[in-house]
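Each remark here refers to the structure printed beneath this line.
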Amino acid sequence: MRAAFWLVIAIAAVVLVPFAVSNRAPVSLGLWPLPFVLDTPLYLLVLLTLLAGFIIGAAGAWLSGHRVRRDLRRQRRRAAALERELAATQAQLADRSRAAELRVPTELVVARTPAALTQS
């Protein structure tokens, strides 16, 4: 994953550095109702526009994933609750099996009554 990241960075640098060097001419940027005019190099204007588009796209993707993240949080909470319930049920089952092992069978109790002993 780290190699892929650096590969993308290297390709971007190979493309963007010559673009920036080739487009250093100043461009006047103005917005009609405002009296301000900004003189900036063309490469800076293009790169800032690309950066703004990237940030807006990333924000849109992050916001669209809200439902998935919410559902994932709910599922994690439900899984944790079910795990707690399973542990409690297994503990109850273990207690019942221990109690059943300690319980004396009724057949033995009946066989040891005095009447049964005298008949032998």
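The values are calculated or read from the model by the stated rules, or taken from the named source; none is laboratory data. Given the structure is predicted, the values throughout are model-derived calculations rather than measurements. We place every Cβ from the backbone using ideal geometry, glycine too, and count neighbours over all the protein chains shown.
A few points about this structure:
- Considering residues of segment 48-68 that are surrounded by 10 or more Cβ atoms within 10 Å (Cβ to Cβ) and of a type outside the set (A, V, I, L, M, F, W, C) only, the residue nearest to the chain's Cα centre (by Cα): G65
- Test: residue in segment 17-26 that is polar (S, T, N, Q) and outside any helix (DSSP H, G or I): yes
- Filter result for A91 (modelled with pLDDT under 90 and assigned to a helix (DSSP H, G or I)): no
- Selected residue (criterion: farthest from L16 (Cα to Cα)) from residues of segment 36-65 that are polar (S, T, N, Q) and assigned to a helix (DSSP H, G or I): S64
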